[in-house]
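Derivation of every value follows stated rules applied to the coordinates shown; laboratory data play no part. The structure displayed is predicted, hence computed values, not measured ones. For neighbour counting, all protein chains shown are included, and Cβ atoms are generated from backbone atoms with ideal geometry for every residue, glycine included.
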Amino acid sequence: MLTVKNVRKTYVLRNMTVQALRDASLVAEPGEITVVYGPSGSGKSVLFNLIAGFERPDMGEIIYNGLRIDRLTWRELISFRRGSLGYCMQKNIIFPRMKVVDNIALPLLIRGVNRVEARRRAEDLARKLNIEYTLYREGYTLSGGEQRRVVLARSLVTDPHLLLIDEPTSGVDEENKVYIWKTIKERVGGNTVTLIATHDEFIKERADKLFKIERGITMNI
Ligand SMILES: Nc1ncnc2c1ncn2[C@@H]1O[C@H](COP(=O)(O)OP(=O)(O)OP(=O)(O)O)[C@@H](O)[C@H]1O
Ligand SMILES: [Mg+2]
């Protein structure tokens, strides 16, 4: 289970402060898909970065299976991410000169899985996400929507227990949204906590649980 309790995050810039999150709270249960939706700039990506432990909140608590993410040391964070987390970030970060198959397989290769097995699992996901035809091309040759699915596949390839997916369908057509949804849904095992941030009605309609966020404040609906 993931619990976010009264989280606040303020950025202090040179001559102003930005209140990215004022009071964000949510509970995401294993086996369910929890969707956080809200307008651009409402704090979705900041919230996900805090859950992933990339940044720390000013106030509040983030608890994953009893673990206070907001209090972990850097060393503990590395092991938390390696052991539990799959994070499909909003931005498409792809190694341009690396083959797509290895871009997807990378988290497995880092964990010491042999290349044949790692590629097999990457290929399987690519097939489901309808990007199989790109697998043996270099990353830079892909379109935005294709890259989106590579980044999503990379976050799924380790079968993580905590899955954060920030805007899975941006730049993707309606037909491929169906593949994306099916692939995510299929991966959600009984003990997987899955969070998706989106503005997309297609995803919103299919959520098990919905949280609305506006100007850094969450609402349970
Ligand atoms: N590093 C930062 N420094 C200052 N302000 C930031 C920083 N990161 C985010 N913000 C601000 O925090 C607010 C929330 O940003 P966030 O990226 O979480 O929005 P979002 O809901 O993900 O939007 P979108 O739907 O466009 O992705 C925005 O006003 C943004 O400008
Ligand atoms: Mg965002």
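When you count, for each residue, the other Cβ atoms within 10 Å and take the mean per peptide, how do 172-184, 19-31 rank with the highest first?
Details: 172-184: 15.9, 19-31: 18.4.
Per-residue Cβ counts within 10 Å, averaged per peptide and sorted highest first, yield 19-31, 172-184.
Under the criterion of Cα pairs below 8 Å and six or more residues apart, the relative contact order for the stretch 1-58 equals 35 percent. Against the main long axis of the alpha-carbon atoms of the chain, helix 100-110 sits at an angle near 60°.
Taking the helices alone, the chain has a mean residue ellipticity at 222 nm of -10000 deg cm²/dmol, built from -39,500 (n - 2.57) per DSSP H run of at least 4 residues and averaged over all its residues. Candidate cross-link partners of Lys182 among the lysines, defined by an alpha-carbon separation under 18 Å and a same-chain spacing of 8 or more, comprise Lys128, Lys204, Lys209.
Summarising the amide proton neighbourhood of Val193: residues at separation of 5 or more, or on other chains, whose placed amide H is nearer than 5 Å comprise Gly31, Leu162, Leu163. How much of the DSSP bridge set in the chain is antiparallel, in percent, rounded to the nearest 5? Bridges in the chain that DSSP calls antiparallel: roughly 50 percent. When peptides 142-149, 57-64 are ranked by their average number of other Cβ atoms within 10 Å per residue, the highest-first order is 142-149, 57-64. Phi angles of the stretch 55-61 translate, via the Karplus equation with coefficients 6.51, -1.76, 1.60 and θ = phi - 60°, into HN-Hα couplings of 9, 10, x, 6, 8, x, 9 Hz per residue; Gly and Pro are given as x.
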